[in-house]
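Please treat every number below as a calculation from the coordinates, not as lab data. Small disclaimer: the values here were computed from a predicted structure and weren't measured. Every residue, glycine as well, gets a Cβ built from its backbone with ideal geometry; the counts of neighbours run over all protein chains shown.
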Amino acid sequence: MIQIQDVSFKIGQCQILNHITTEIPAGKLTALIGPNGAGKSSLLKQIARLEKLQSGEISIDGLPVSETPTEKLALKMAVLGQQTVIASRLRLCELVSFGRWPHHHGRPCAKDREQVCLALETFGLTPLSGRFLDEVSGGQAQRAFGNDLRAGNRLAFAGRAAQQP
Ligand SMILES: Nc1ncnc2c1ncn2[C@@H]1O[C@H](COP(=O)(O)OP(=O)(O)O)[C@@H](O)[C@H]1O
Ligand SMILES: [Mg+2]
């Protein structure tokens, strides 16, 4: 569960978020709805710690995002942005293996490779794992990034799947 407690956020003199308190339950699909410029992305950036909290508190499964070490938070949190910038010289298996970075810090062992294989298998990407991202179809690349809503659960991101212990 994500808990948001009295979060406010300003850019210069402009009040973007004003005392937001809410909970986002685990295991459900939650939609944040509002007009353009309402502050949806700003709130998501605060949750993902892409913007520093100015006031209030946010926690993910009880871990306060402002204080929890990145290493620990990275095992809980995966973020998929609105736009996916494709680094075309990246192979699918390399993209997925980024999910295991908090475990291996650049030195993957057999267990890490096993989890990457499992994630690729889960998303039906095994036959394409050696391909560069610009060598697969749009839909296949979306599956690798996790934009495939059919997966619709906590593992809806191959990199996230690779984050399993
Ligand atoms: N870097 C920025 N500098 C100034 N204003 C910004 C910046 N980023 C966002 N805003 C403003 O903050 C408000 C909320 O933006 P945003 O959270 O992106 O809205 P939403 O995602 O709901 O469309 C908008 O009015 C936007 O213009
Ligand atoms: Mg937005």
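For the reader, a short list of remarks on this structure follows.
- Candidate cross-link partners of Lys72 among the aspartates and glutamates, defined by an alpha-carbon separation under 20 Å and a same-chain spacing of 8 or more, comprise Glu51, Glu57, Asp61, Asp112.
- Largest first and in whole Å, the equivalent-ellipsoid semi-axes of the stretch 1-81 read 20, 15, 12, each the square root of five times a Cα gyration tensor eigenvalue.
- Loop sites in the stretch 1-42: trypsin sites (Lys or Arg not before Pro), DSSP, at most 13 other Cβ within 10 Å: Lys28
- Radius 14 Å from Cβ of Ile16, net charge of other residues (Lys, Arg +1; Asp, Glu -1): +3
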